[in-house]
1. Could you check, for the stretch A:89-96, whether at least one of its residues is at the interface with another protein chain (Cβ under 9 Å from one of its Cβ atoms), closer than 23 Å to A:Ser210 by Cβ and open to solvent by 10 Å² or more (accessible area, probe 1.4 Å)?
2. For the stretch B:216-235, what are the residues that are open to solvent by 30 Å² or more (accessible area, probe 1.4 Å) and more than 17 Å from B:Glu290 (Cα to Cα)?
3. Name the residue that is nearest to the other protein chains (Cβ to nearest Cβ), counting only residues in the stretch B:236-262 that are in contact (Cβ under 8 Å) with a residue 60 or more places away in the chain and buried (at least 23 other Cβ atoms within 10 Å of the Cβ).
4. Of all residues being under 15 Å from the mean Cα position of the chain (by Cα) and not hydrophobic (A, V, I, L, M, F, W, C) in the stretch A:299-311, which is surrounded by the most Cβ atoms within 10 Å (Cβ to Cβ)? Just the residue, please.
5. Only one of these is acidic (Asp, Glu), farther than 18 Å from B:Ala155 by Cβ and either away from chain A (no Cβ under 13 Å) or buried (at least 24 other Cβ atoms within 10 Å of the Cβ) (or both): B:Glu200, B:Glu213. Name it.
6. Which residues, counting only those in the stretch A:378-392, are in contact with a helix residue (DSSP H, G or I) (Cβ under 8 Å, 6 or more places away or on another chain) and either open to solvent by 20 Å² or more (accessible area, probe 1.4 Å) or hydrophobic (A, V, I, L, M, F, W, C) (or both)?
7. Assess whether B:Glu157 counts as being surrounded by fewer than 19 Cβ atoms within 10 Å (Cβ to Cβ), in contact with a Ser or Thr (Cβ under 6 Å, 6 or more places away or on another chain) and over 17 Å from B:Leu87 (Cβ atoms).
There are 2 protein chains.
Amino acid sequence: MADSTDHLLTRDLDAPVEDDQVGPLAPLEGEPTSVDVEAIPVDSPEHATTTPSQAELDERLAKVRTAMAAKDLDALIVTDPANMYYLTGYNAWSFYMPQCLVVPASGEQHLFARAMDAAGAGYTAVLPTEQVHGYPEELVHRSDAHPYEWIGARARELGLVEDDERFRIGVESDSHFFTARDYLALASVLPKSPGIDSNELVNWVRVVKSPYEQRLMRIAGQIAQRAMERALESIVVGRRQCDVAAEILHAQASGTAQHGGDYPAIVPMLPTGDAAGTPHLTWSSAPFVEGEATTIELCGVHQRYHVPLARTIMLGEPPQRLADAAKVVEEAMAVTLEATHPGASCEAVHTAFNDVINRHGLTKDSRIGYSIGIAYPPDWGEHTISLRPGETRELEAGMTLHVILGMWMDGWGYELSEPVLVTPAGAERLTHVPQELTIRK
Amino acid sequence: MADSTDHLLTRDLDAPVEDDQVGPLAPLEGEPTSVDVEAIPVDSPEHATTTPSQAELDERLAKVRTAMAAKDLDALIVTDPANMYYLTGYNAWSFYMPQCLVVPASGEQHLFARAMDAAGAGYTAVLPTEQVHGYPEELVHRSDAHPYEWIGARARELGLVEDDERFRIGVESDSHFFTARDYLALASVLPKSPGIDSNELVNWVRVVKSPYEQRLMRIAGQIAQRAMERALESIVVGRRQCDVAAEILHAQASGTAQHGGDYPAIVPMLPTGDAAGTPHLTWSSAPFVEGEATTIELCGVHQRYHVPLARTIMLGEPPQRLADAAKVVEEAMAVTLEATHPGASCEAVHTAFNDVINRHGLTKDSRIGYSIGIAYPPDWGEHTISLRPGETRELEAGMTLHVILGMWMDGWGYELSEPVLVTPAGAERLTHVPQELTIRK
C-alpha cells in the first residue's frame, strides 16, 4: 500500500508510461484495390472458437500489474466489459447490470456479477468457480440497496480490497456502464480508501496487439469487407434503409464460411441525403432516392475484435462538390497511411492529412482516427489513441487503428476509412474495398 | 429552490408518487394461438416515421415537472437516451459520448452533445437550434478535461442551473452511460448544489403508455412475432448459431412491409445445450446439434419501442424434464396473465405464478417480468416495475410488461415469455406465437 492521503477519485493526470518505439520508418507498399476475402490466408481454417493461451493471459495480467504498480494501485476494479474479456475471457450480455473484475496487486482475480450470470460465467471466463461471485437477485433495480454495496463488502471479506486510507483502489471511472450510482455505492462501503482514476490503464495495455490478436483482427477485417460489399450492392433507389440495414446485419453475423461473425458494438449507420452531414443517425424506413449520397459506417466483428469501415455511395450523378471531395479525401488517405508507421507521432499523422485537405481548401475539426480492438456496445473505439493535434504519443508496431476521414458538411457528407495494422513496414490495410466514391446510376 | 442542506447525491428513498388505479378486475379473454401479423390492423398503414404530437410532448414534460416538484427539484439532468427521446425525440447513436438534456423546473429544455452530434440534432429532436449546444471536439477522451465540465459551465451561463446549496439538481445516477467520471466532472463545476438522485423519475412517468405509444408497441409486437417465427424456422441441426442470429437480425431490421424495424437494445440470445442454463450468453459459430434445446430471446423494435419475446426449441426428442417443465410453464403463464390486470399488485402476479410452479416442485429466484417501452442498448427493460415478491405497486391500464418465465437449471433451461399491454379488460398479448415447446425431429 502506498502512503497516500488522496481523496476519493483524485484525478491522476499522469499519462500512461510509454514504451520505446520499435521499427524503422518504411514506405507503404502498394496495395490491391479489391481482394476476395475467402482467398486471404488466415491460419487455422476451422470455425471453432479459439481462445488466447494461458501464457498470453498471464502476460496480459502481468502488463496490467506493471501499470498498476506505476500508479501505486493496490487493487483495480475493472468494469469495462472489453477489459474484463481481455483479462479473463468473460463474455456475456450481462453488462447492463453491475459487474466487475477485481484485480489485486498480487493474488487471484475475482469476478462479481448478478447471480444468474455468475452461474454461467464458466462458459467463457477462465476463472475457477471460487473466484466468481454472484450477488442476490433482490438487489436488482432497487432504490434502497445496490449491488455495489454487496460487491464492495464481499471484496473486503475476501481480502481483495481494504478500507484504509493507504489502500489505493483504481477505478475505471469513465467506462460505460460504471454509473455514478455504482461508484457511489462502492465508495459507501469503502469510505476510507482513496479511489484513483485508472485513466484507462487496461485499455492502454491493450493498444499493442499480440500475434494472436492480430489474427483475430485480420478475420474481423474479412467480415467487414464482406459486410461493406453487401451494403454497396444493396443500396438502390426505392429500397428502404431498414432493408439495407438488414442485409448488413445479416452479413456481419454470418461472417465468412470459415469464421462466424459476432455482434457489432455499433449498429450500421447509413445517413443519407441531407442527413449525411451528421454522422451518428441510425436507419429509418424511408426509401433511398435518386440524387442522394449515403455514407455507410459499419464493422466486422470476430470474437469481440472489431474492424470498422466507412464508404460513400451516390445514387445518380454526383454533385461536383462531392466528386471533388472524394478525390481530395482519397489523396489524403494515401498520404495519411504513408505517414502511419512505427515512430510517427499521432499528431504527425494528423498533420500529413491536414496539409492535403487544407491545400484543397477543406478543413476538418474532429480527429481522423483512433485505436481499435476488443469492443462492446456502445462504442468500437478503444478510448486510447486519437490521431489529432497535440497527441505526441508515437505509433508502435502491433497497434491497430481506424483511420476515418469523415467530412461532415452542412447538408452533405463524405466518408472514407481504412482500418490498419501498424507493422514495422508501415500500415497494413485490414480490408480491401476500392476507395473511390461508389456511383450507381 | 427548496431550502436544503443535503450533500451531493443524497439518496432520496421516497418511492415515486403512485396514481390512482383505473379499471375493474376482468377475466382474460381467450386468445388465438397463432396469428398472421400482416393481418393485424394498426391504424396508419404508411411506412413513414411518425412522431408524437406537440400536445403529447407537452403532456410528457408536464408530468415530469409534476414529479420534479414532488422531489423539490429545480432542474433535472436527463442522461438516459430513452428519456431524452421521450421528452424531445432526440435519437442518434451518440450516447457513447457524454450528452444530456437539462430540464429546468420552468422554461425551455436544453440539449448538450458533442459538437458533431449537436449539429445534426435537429433531424430528430423537436428543440430549436438555440436550445442545442455542442461541446468542442478536443474534449473527447482526454484525461485532463471533461465534457461535463463544459456542460455544467454552459448550463450555468444559460441560467438552467445554479451553484447554490438551495438549488436542487436531479441526476439520473444509475442510467447507463452516465459514468462516475461524468458525474464527478459535473459536480466539480457545481460544488455547492446538492445532486439529488432522480430515482428513475422520467422512467416512472413512461410506465403508462399513451394511445400513440400503445400503437407503436403493437407494431413492435408484430415485428417480434416475425423475428421469432424466422428464428424457429432457422434452427436446424448442423446450422451455425451465427447464421441463425443473422436471420433474426435481418427480420428485426426489415420489420413488416408496412413498418420498418429498428435496432434492438439487446442482440438475439440463443444459449443452447448445456449453456441454455445460463441466460445471457451471445451466439457463437458452433453448429446446432441433435438432442439439444435452445432458448431464444429476441425483440421487435419500432421507433425505439421494444417488444421482447422468448421461446424454446428442441432438436430431437425432448428429455422428460424439459417436456414436463414446458407444460408447467405454459400452465403458469396462463395463470400469470390472468392475474395481470389493473389493480393487481406486482407481487400478486408473482404469487399467482409461484403457486403453480411450486405445486409442480419447481422454484425460481428471479423476477418474472418488468416494464417495457422505449429502449436503447444495453437493456430493453424500463428499470421501473418488477414482478417479484415485495413489490406492492399496482398495475394500471396502459402499462406494457414483458412477462418472462425463464427457468435456468444446472445444465439446461426453458424460457417462455409474453409481452402484454395491460388493458381495463386484462392482459392483451402483443404477439401471437404458440406457447408450447417447439420440437423439430
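1. The answer is yes, given that some residue of the stretch A:89-96 is at the interface with another protein chain (Cβ under 9 Å from one of its Cβ atoms), closer than 23 Å to A:Ser210 by Cβ and open to solvent by 10 Å² or more (accessible area, probe 1.4 Å).
2. Correct list: B:Arg218, B:Arg226, B:Glu229, B:Arg230.
3. Residue satisfying both the conditions and the ranking: B:Gly260.
4. By that ranking, first place goes to A:Gly300.
5. B:Glu213
6. Passing the criteria: A:His383, A:Ile385, A:Leu387, A:Pro389, A:Gly390, A:Glu391, A:Thr392.
7. no
Yes/no matrix, rows are residues, columns are (1) open to solvent by less than 10 Å² (accessible area, probe 1.4 Å); (2) modelled with pLDDT of 95 or more:
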| site | (1), (2) |
| --- | --- |
| A:Ala276 | yes, no |
| A:Ser284 | no, no |
| A:Glu290 | no, yes |
| A:Glu297 | no, yes |
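The values are calculated or read from the model by the stated rules, or taken from the named source; none is laboratory data. Small disclaimer: the values here were computed from a predicted structure and weren't measured. Cβ atoms come from the backbone with ideal geometry, glycine included; neighbour counts cover every protein chain shown. When the accessible area is computed, the model is the full protein with side chains, heavy atoms only, and any ligands, DNA or RNA have been set aside. Shrake-Rupley method; radii C 1.70, N 1.55, O 1.52, S 1.80 Å.
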